[in-house]
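Report on the following structure.
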Amino acid sequence: MAIIEKLWQYLQFEFVQNALVVGVLIALCSSLLGVTLVLKRFSFIGDGLSHVAFGAMAVAGILGLTNEMILVMPITVIAAIVLLAAGKNVKIKGDASLAMLSVASLGIGYLLLNIFSSSGNVSGDVCSTLFGSTLILTLSKFDVCLCIVMSVIVILIFVFFYNRIFAVTFDETFTAATGTKASLYNLLIAVVTAVIIVLAMNLVGSLLISALVIFPALSAMRVFKSFKKVVICAAAVSVICSLTGILISIMASTPVGSTIVAIDIVVFMIFALIGRR
Amino acid sequence: MAQLICSDVTLGYEGKTVTENLNFEVNAGDYLCIVGENGAGKSTLIKALLGLKNPMSGTITTGERLKSTEIGYLPQQTLIQKDFPASVKEIVLSGLLNKCGLRPFYTKEQKEFAKKQMERLNIAHLSSKCYRELSGGQQQRVLLARALCATGKMLLLDEPVAGLDPKVTKEMYELISSLNKEDGITVIMVSHDITAAVKYASHILHISHTPLFFGKKEDYIKTDIGKSFTEAMGGEE
């Protein structure tokens, strides 16, 4: 009973409520897109784009921008379009260009931070950007509102274009050949992915975003056999894991991102066992 | 007027010509088989016919109220599809997407129509099965049902029997043939299998870097090129 009382006490705090709202929304959005991204063989897009966002943040910091989003969002969106929507016509193939972009922005970002940073604790700053250890507990009212608005837009887009997203994921050529603008929907998926990843950096930090994108989708795919069920299950798994993760991390003072990932891994193992039967 | 006319078409990519001087036309109810070695430009021709790629020169026109987006396409299986978690129903329905306009979801009539196509191809009982758990022949039927949802006029089949065992291959050919004869659907099939092409098709287009032959199959088997290939493939049935 003592645990429940303690939990209740924590839930009265505004920062805990904020963290829960933002956590659930981000988890929901990233898992919805995660199914498509994993099936399109873009599991690493979360990792890659978040590194691009990290590089952009470093540049924004140096330029002294008060609102980093103004720079970070467009740069990440452009990177996503280049990677996802440019498709098969580029000279350097999917995984190689992703790896290149990811490592390059991480390296350059860290280099710039080291050369130009005014803060005395560069590695501390970097660590919290990468692992998002405390960010989610220090969200401002503006962050929360931005996140709610963006998430609602993402969810509406996903529901409205659900059938088209399915068609483009399953068979791009057929969809294009029968007169649906497949490249347009690829573009849409790329933009939405970038938006979610920039938002998700607040929750789990740059390094652990991949986990939010891939684990719920992979878990759901072990057990369910239709696209609709996989999407719904992935969303549910993601929300439950994130909620549990945030609560545990508050109670046990563990880092939020890593706790969520640990729970995601456990759930994946359970689903894999169920799927084998 | 023919449903599809290719005049003086040259195909290639990145400035390199793959095949040139393509001239042929397809009339309603035809069964055209496109044969040729690897690298002869068969897949490039498919992309051009589907309107996914522009020819380097020449024109491809569609007529008789057939729009280029009304060609039902049966693609070769991609790696992504092999482990895709989707039910048969979801895949067949996705063929109707081009008839949705701005509507985000499928109507009851469309679902009914998709069901009819599945019944036509004997896969109605698999409707809620997972695509990745089906046999190769069943998967091809699912994709064929999807193509039928997209059009009732013309089918473009890319190696429809690749990877199927002989019995299923024969069934697939009979099925395509019956769609052509009974439902009056124009069929364009790309294939390696010249024996089957000669047996089922009404017209043959044999391409290499230049087109080697276009015409009725009765004439094709009399030509030297036709003879040398049909004999190499084990002769006529």
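One residue alone among A:Ser242, A:Ser258, A:Ser238, A:Ser219 is under 16 Å from the mean Cα position of the chain (by Cα), part of a helix (DSSP H, G or I) and within 16 Å of A:Val35 (Cβ to Cβ), and that residue is A:Ser238. Every test in (1) touching a Ser or Thr at 6+ places or on another chain (Cβ under 7 Å); (2) at the interface with chain B (Cβ under 10 Å from one of its Cβ atoms) is passed by A:Met201 save one, and that test is (2).
Check segment B:15-27 and report whether any residue there is in contact (Cβ under 8 Å) with a residue 24 or more places away in the chain, touching a Cys at 6+ places or on another chain (Cβ under 8 Å) and open to solvent by 40 Å² or more (accessible area, probe 1.4 Å). Looking through segment B:15-27, at least one residue is in contact (Cβ under 8 Å) with a residue 24 or more places away in the chain, touching a Cys at 6+ places or on another chain (Cβ under 8 Å) and open to solvent by 40 Å² or more (accessible area, probe 1.4 Å). In the set B:Thr59, B:Thr78, only one residue is open to solvent by 40 Å² or more (accessible area, probe 1.4 Å), more than 8 Å from chain A (Cβ to nearest Cβ) and out of contact with any helix residue (DSSP H, G or I) (no Cβ under 7 Å at 6 or more places or on another chain); that residue is B:Thr59. Residues in segment A:135-161 that are of a type outside the set (S, T, N, Q) and modelled with pLDDT under 75: A:Leu135, A:Ile136, A:Leu137, A:Leu139.
In segment B:127-147, what residues are of a type in the set (Ser, Thr, Tyr) and either free of Cβ contacts under 8 Å to residues at least 40 places away in the same chain or more than 12 Å from every other protein chain (Cβ to nearest Cβ) (or both)? Selection gives B:Ser135 alone. The residue list A:Ser219, A:Ser253, A:Ser226 contains one member that is out of contact with any Cys (no Cβ under 8 Å at 6 or more places or on another chain) and not charged (D, E, K, R), which is A:Ser253. Residues of segment A:245-270 that are without any contact (Cβ under 8 Å) to a residue 60 or more places away in the chain and open to solvent by 40 Å² or more (accessible area, probe 1.4 Å): A:Ile248, A:Ala252, A:Ser253, A:Thr254, A:Ala262, A:Ile265, A:Val266, A:Phe268, A:Met269, A:Ile270.
Just need a number here: residues in segment A:232-244 that are buried (at least 19 other Cβ atoms within 10 Å of the Cβ) and among the polar types (S, T, N, Q). Talk me through it step by step, then tell me what you get.
Of the residues in segment A:232-244, the ones buried (at least 19 other Cβ atoms within 10 Å of the Cβ) are A:233-235, A:237-238, A:241-242.
Subsequent filtering for residues that are among the polar types (S, T, N, Q) retains A:238, A:242.
Of the residues in segment A:232-244, 2 are buried (at least 19 other Cβ atoms within 10 Å of the Cβ) and among the polar types (S, T, N, Q).
Would you call B:Leu49 within 14 Å of another protein chain (Cβ to nearest Cβ) and buried (at least 20 other Cβ atoms within 10 Å of the Cβ)? For B:Leu49, the condition - within 14 Å of another protein chain (Cβ to nearest Cβ) and buried (at least 20 other Cβ atoms within 10 Å of the Cβ) - is met. Checking each residue in segment A:163-191 for being outside any helix (DSSP H, G or I) and more than 7 Å from chain B (Cβ to nearest Cβ) picks out only A:Lys181. Filtering segment B:100-110 down to residues that are free of Cβ contacts under 8 Å to residues at least 12 places away in the same chain and not β-branched (Val, Ile, Thr), which residue is nearest to the other protein chains (Cβ to nearest Cβ)? Selected residue: B:Pro104.
For segment B:117-126, state whether one or more residues are within 11 Å of another protein chain (Cβ to nearest Cβ) and either open to solvent by less than 100 Å² (accessible area, probe 1.4 Å) or aromatic (Phe, Trp, Tyr) (or both). No, every residue in segment B:117-126 fails to be within 11 Å of another protein chain (Cβ to nearest Cβ) and either open to solvent by less than 100 Å² (accessible area, probe 1.4 Å) or aromatic (Phe, Trp, Tyr) (or both).
Which residue pairs have Cβ atoms closer than 9 Å, lie 6 or more positions apart in sequence or on different chains, and pair a first residue in segment B:46-58 that is within 15 Å of B:Glu14 (Cα to Cα) with a second residue that is assigned to a loop (DSSP other than H, G, I, E, B) and not basic (Lys, Arg)? Hits for this filter: B:Ala48/B:Asn54; B:Ala48/B:Pro55; B:Met56/B:Gly15.
Of the residues A:Ala27, A:Ala19, A:Ala2, only one is open to solvent by 10 Å² or more (accessible area, probe 1.4 Å) and of a type in the set (Gly, Ala, Ser); which? Spell out the reasoning first.
Numbers: A:Ala27 fails: open to solvent by 10 Å² or more (accessible area, probe 1.4 Å); A:Ala19 fails: open to solvent by 10 Å² or more (accessible area, probe 1.4 Å).
The unique qualifying residue is A:Ala2.
The values are calculated or read from the model by the stated rules, or taken from the named source; none is laboratory data. This structure is a prediction, so every number in the text was calculated from the model and none was measured. All Cβ positions, even for glycine, are placed from backbone atoms using ideal geometry, and neighbour counts span all protein chains on display. Side chains included, ligands, DNA and RNA excluded: accessible areas come from the protein's heavy atoms. Shrake-Rupley method; radii C 1.70, N 1.55, O 1.52, S 1.80 Å.
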